[in-house]
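Here the structure is laid out as structure tokens; the discussion comes afterwards.
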Amino acid sequence: MKKIRFGCIGLGQRGKGMTITLARVFGDRVEVTAVCDTYEDRTKDVADKIEEETGKRPFETCDAY
């Protein structure tokens, strides 16, 4: 079965919750490849949690352009 790979832009409450839940529930079928937010602490926090859940760290960026 193929994996769905996605990135999340905007890691406020909804973006953070959705991204972490998808990684946790569908971890064998979904791969979070990148996370982005203008706030560096949000980006790092979500990347840390994704790495804890899946063992793979997504690409992180705060570059809005």
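The values are calculated or read from the model by the stated rules, or taken from the named source; none is laboratory data. Since the model is a prediction, treat every value here as computed from it, not as a measurement. To get the accessible areas, we keep the full protein, side chains included, count just its heavy atoms, and leave off ligands, DNA and RNA. Shrake-Rupley method; radii C 1.70, N 1.55, O 1.52, S 1.80 Å.
Quick check on the chain: what are the equivalent-ellipsoid semi-axes from the Cα gyration tensor, as sqrt(5λ), descending, whole Å? List each step's numbers first, then the result.
Working: eigenvalues 71, 26, 21 Å².
In descending order the semi-axes read 19, 11, 10 Å.
Taking a probe of 1.4 Å, how large is the accessible area per residue of the chain, in Å²? Each step should come with its number before you reach the end.
Values: 4640 Å² over 65 residues.
Solvent-accessible surface per residue comes out at 71 Å².
Determine the calculated [θ] at 222 nm for the chain from helices alone, applying -39500 (n - 2.57) to every DSSP H run no shorter than 4 residues and normalising by the residue count; nearest 500 deg cm²/dmol.
Numbers: 2 runs with 28 residues, N = 65.
Mean residue ellipticity at 222 nm (helix-derived): -14000 deg cm²/dmol.
Ordering CYS8, CYS62 by how much accessible area each has at a 1.4 Å probe, largest first, what is the list? Intermediate values should be presented prior to the final figure.
Details: CYS8 10, CYS62 55 Å².
Most to least solvent-accessible, the answer reads CYS62, CYS8.
Relative to the first principal axis of the alpha-carbon coordinates of the chain, what is the inclination of helix 13-25, with its axis defined by its Cα atoms, in degrees from 0 to 90 and to the nearest 10?
So the helix axis and the longest Cα principal axis differ by about 20 degrees.
Express the carbon and sulfur contribution to the solvent-accessible surface of the chain as a percent, rounded to the nearest whole number, probe 1.4 angstrom.
Numbers: 2410 of 4640 Å².
Carbon and sulfur atoms account for 52 percent of the accessible area of the chain.
Could you give the angle, 0 to 90 degrees to the nearest 10, between helix 40-54's Cα long axis and the longest principal axis of the Cα atoms of the chain?
So the helix axis and the longest Cα principal axis differ by about 10 degrees.
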